[in-house]
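The values are calculated or read from the model by the stated rules, or taken from the named source; none is laboratory data. As the structure is a prediction and not an experimental result, all values here were calculated from the model. Don't worry about glycine lacking a Cβ; one is built from the backbone with ideal geometry, like all the others, and counts go over all protein chains shown.
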Amino acid sequence: MQEPRAHWSSNVGFVLAATGSAVGLGNLWKFPFITFENDGGAFVLVYLLCIAAVGLPIMMAELLIGRKTQKSVVGAMKDAIGPAWGVVGAWGVLCGFILLSYYTVIAGWSLHYFARTMQWTFGGFPAGFSTGDLFGAQAAKAGLQLALSLAFSVATVAVVYFGVQKGIERIARLFLPILFGILLLMLVSALGMSGSGEALVFIFRPNFAELEPSSVLEALGHSFFTLSLGMGAMVTYGSYIARHQSIVKASALIVVFDTLIALIATVIMFSVIFSVAGMREQVGASTVGMLFISLPELFYTQVPFGRILGPLFYVLVALAALTSTISLLEVVASYVIDEHDVDRHKATILCGAAIFAFTIFAAISFGSAPFFSTLAIFEGKTGWFSTADHFVSNWMLPTGGLAITIAAGWFMTREETRAELADGNEPGWFSYGAWRFFIRYVAPAAVGAIVVAVLFFGRDFS
Ligand code: PHE
């Protein structure tokens with residue numbers, strides 16, 4: 001027996017939950033790193049353009065498909081567009097499954113680093129200690145990695161188990177204000193450091209001479225990842241919006257919060273890193289280097305109030321990651337609940353366990369199991385973790401996103417989408433005609449360019 005569909009308790013609750021999904025490791029780990037790799041300024045500007053011209057319209061499209069149908073992603077695509085479109089929904093569920101299976105591993109690291117930084121806060125940072133060695137050693141310990149990711153998976157399952165209002169919304173209401181508070185504290189401290197001026201220039205002064213075509217694709221790809229688009233997370237969250245709540249305003253808020261938090265996090269990290277001579281050259285080498293190698297040490301040696309901010313920073317990473325992992329599990333679980341008539345408790349535990357079976361492969365792919373650590377399918381991506389991340393970010397999200405924008409722009413009528421967006425009051429700045437233009441032409445063209453680049457030219461933009 002299906003229960004009546006659950007709804008967010010209010011618009012604020014919904015905006016917080018969706019912002020929680022959007023704000024995650026993408027903001028704290030990926031964005032600062034790719035901004036660094038792509039030389040800042042011009043890349044950031046292109047990224048902002050992608051967010052506004054592609055991300056925002058698709059966010060509205062996903063939410064409107066969800067709210068209109070009141071179903072999780074497979075049923076929603078079937079109902080809103082046509083039975084064959086269930087495939088696009090299934091692609092999204094698969095994407096959520098894979099993405100969650102490896103995302104949990106990095107999320108687990110935040111727990112380990114929280115424990116470590118607490119140790120240093122109370123016991124002092126050991127002189128001459130190498131955080132680079134520490135990182136390599138912890139990542140290669142299979143038992144530790146399994147324990148950390150299991151802990152994170154259990155936390156994720158525990159939240160989703162309690163459902164939309166009592167689980168997801170409650171956690172978002174509690175965590176997001178804390179997350180924002182910690183971020184602001186860190187910003188104040190970081191802006192006082194000597195490297196902050198240079199950091200701001202690096203991030204906000206565009207130098208188009210340094211912009212490469214691959215950076216444009218990378219910016220576009222990341223705008224999907226960071227906004228949780230292209231795989232149905234926002235369709236699913238949208239399906240819990242009650243009628244007469246504005247989708248347009250909510251979309252704008254989610255997008256603005258997510259972007260703001262990514263920029264603040266980047267300003268903080270670069271201010272710290274640029275304050276230390278020679279550090280800028282060192283951090284470039286690896287995706288995880290900034291978050292788990294450079295920063296932990298710098299907190300204790302450079303940052304004002306770093307002894308307090310160090311552990312707080314990893315609390316921030318863990319909270320941000322958890323509000324994202326719950327949205328990923330919700331996509332998979334709600335599909336099982338809606339389409340296979342399984343009750344929430346059972347569905348959550350089953351899906352969580354099935355996904356964890358694959359988390360194991362990602363967890364042991366940092367040196368502890370040779371096969372999973374050396375697997376190389378995509379050029380330049382070694383190991384199960386990097387392979388999965390490459391496949392999701394470069395193949396799954398862009399193709400899923402393309403299908404969704406075509407569905408909303410070309411397979412739903414003007415009357416249908418118009419009515420859905422108008423229900424709940426369109427704010428004064430919103431123009432339906434502009435949205436329709438972006439969703440029909442701008443977004444498909446831009447996303448189509450990524451898909452073609454990835455599929456036919458193998459362009460790497462992760
Ligand atoms: N947006 C999340 C982040 O930035 C990742 C995510 C992608 C979550 C897709 C849900 C769905 O970390």
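For the structure I just gave you, tell me whether Trp91 is more than 28 Å from Ser294 (Cβ to Cβ), at pLDDT 95 or above, assigned to a helix (DSSP H, G or I) and touching a Gly at 6+ places or on another chain (Cβ under 6 Å). Yes; evaluated as a whole, the condition is true for this residue. Only a single criterion out of (1) touching a residue at least 12 places away in the same chain (Cβ under 8 Å); (2) farther than 23 Å from Phe97 by Cα is not satisfied by Ala277, namely (1). Out of the residues in the stretch 346-382 meeting the condition of being surrounded by fewer than 15 Cβ atoms within 10 Å (Cβ to Cβ) and in contact with a Gly (Cβ under 9 Å, 6 or more places away or on another chain), tell me which one is nearest to Asn394 (Cα to Cα). Step by step, filter the stretch 346-382, then rank; the result is Glu379.
Among the conditions (1) at pLDDT 95 or above; (2) out of contact with any helix residue (DSSP H, G or I) (no Cβ under 7 Å at 6 or more places or on another chain); (3) over 24 Å from Asn394 (Cβ atoms), the only one that Ser10 does not satisfy is (1).
If the requirement is being surrounded by fewer than 24 Cβ atoms within 10 Å (Cβ to Cβ) and modelled with pLDDT of 95 or more, which of these qualifies: Ala76, Ala52? Don't jump to the end; show me each part of the working.
Values: Ala76 fails: surrounded by fewer than 24 Cβ atoms within 10 Å (Cβ to Cβ).
Going through Ala76, Ala52 in turn, the sole match is Ala52.
Residues in the stretch 112-125 that are aromatic (Phe, Trp, Tyr), touching a helix residue (DSSP H, G or I) at 6+ places or on another chain (Cβ under 8 Å), part of a helix (DSSP H, G or I) and surrounded by fewer than 22 Cβ atoms within 10 Å (Cβ to Cβ): Phe114, Trp120.
Of all residues in the stretch 317-338, those satisfying the criterion of being touching a residue at least 60 places away in the same chain (Cβ under 8 Å), surrounded by fewer than 24 Cβ atoms within 10 Å (Cβ to Cβ) and over 14 Å from the mean Cα position of the chain (by Cα) are Ile337, Asp338.
Being part of a helix (DSSP H, G or I) and more than 16 Å from the ligand (Cβ to nearest atom), is that true of even one residue in the stretch 94-111? Break it down into steps so the answer makes sense when it comes.
Initial filter on the stretch 94-111 (part of a helix (DSSP H, G or I)): 94-111.
Right, trim to more than 16 Å from the ligand (Cβ to nearest atom) and you get 111.
Among the residues of the stretch 94-111, at least one is part of a helix (DSSP H, G or I) and more than 16 Å from the ligand (Cβ to nearest atom), which makes the answer yes.
Residues of the stretch 227-245 that are touching a helix residue (DSSP H, G or I) at 6+ places or on another chain (Cβ under 7 Å) and either more than 19 Å from Leu94 (Cβ to Cβ) or assigned to a helix (DSSP H, G or I) (or both): Leu227, Ala233, Met234, Val235, Thr236, Tyr237, Gly238, Tyr240, Ile241, Gln245.
Against the condition among the aromatic types (Phe, Trp, Tyr) and within 30 Å of Val160 (Cβ to Cβ), how does Phe202 come out, does it pass? If you could, list the steps in order and put the result at the bottom.
Working: among the aromatic types (Phe, Trp, Tyr): yes; within 30 Å of Val160 (Cβ to Cβ): no.
So Phe202 does not fit the description; no.
Applying the set (1) within 16 Å of the ligand (Cβ to nearest atom); (2) hydrophobic (A, V, I, L, M, F, W, C); (3) farther than 21 Å from Arg67 by Cα to Val160 leaves exactly one unmet item: (3). For the stretch 323-354, the set of residues classified as touching a Ser or Thr at 6+ places or on another chain (Cβ under 8 Å) and either more than 17 Å from Ser239 (Cβ to Cβ) or of a type in the set (Phe, Trp, Tyr) (or both) consists of Thr323, Ser324, Thr325, Tyr335, Gly352, listed by residue number. Among residues that are within 15 Å of the ligand (Cβ to nearest atom), touching a residue at least 60 places away in the same chain (Cβ under 8 Å) and buried (at least 22 other Cβ atoms within 10 Å of the Cβ), Phe224 is included.
Against the conditions (1) more than 16 Å from the ligand (Cβ to nearest atom); (2) β-branched (Val, Ile, Thr); (3) within 18 Å of Leu100 (Cα to Cα), Val201 satisfies every one except (3).
Considering only residues of the stretch 16-43 that are of a type in the set (A, V, I, L, M) and crowded, with 24+ Cβ neighbours inside 10 Å, which is nearest to the ligand (Cβ to nearest atom)?
Residues of the stretch 16-43 of a type in the set (A, V, I, L, M): 16-18, 22-23, 25, 28, 34, 42.
Checking the rest, the ones that are also crowded, with 24+ Cβ neighbours inside 10 Å come to 16-18, 22-23, 28.
Working: Leu16: 14, Ala17: 12, Ala18: 10, Ala22: 5, Val23: 6, Leu28: 8 Å.
Checking each candidate, the answer is Ala22.
If the condition is being within 15 Å of the ligand (Cβ to nearest atom), of a type in the set (S, T, N, Q) and in a helix (DSSP H, G or I), then the stretch 246-288 contributes Ser251, Thr259, Thr266. Elements of the type helices (runs of 4 or more DSSP H) sitting completely within the stretch 126-226 and holding at least 3 residues that are more than 30 Å from Ala357 (Cα to Cα) and under 19 Å from the mean Cα position of the chain (by Cα): these cover 170-191, 213-226.
In summary, Val342 fulfils each of the numbered conditions (1) away from the ligand (no atom under 16 Å from the Cβ); (2) in contact (Cβ under 8 Å) with a residue 40 or more places away in the chain; (3) surrounded by fewer than 19 Cβ atoms within 10 Å (Cβ to Cβ) with the single exception of condition (2). Checking each residue in the stretch 408-418 for being over 11 Å from Ile65 (Cβ atoms) and within 30 Å of the chain's Cα centre (by Cα) picks out Gly409, Trp410, Arg418.
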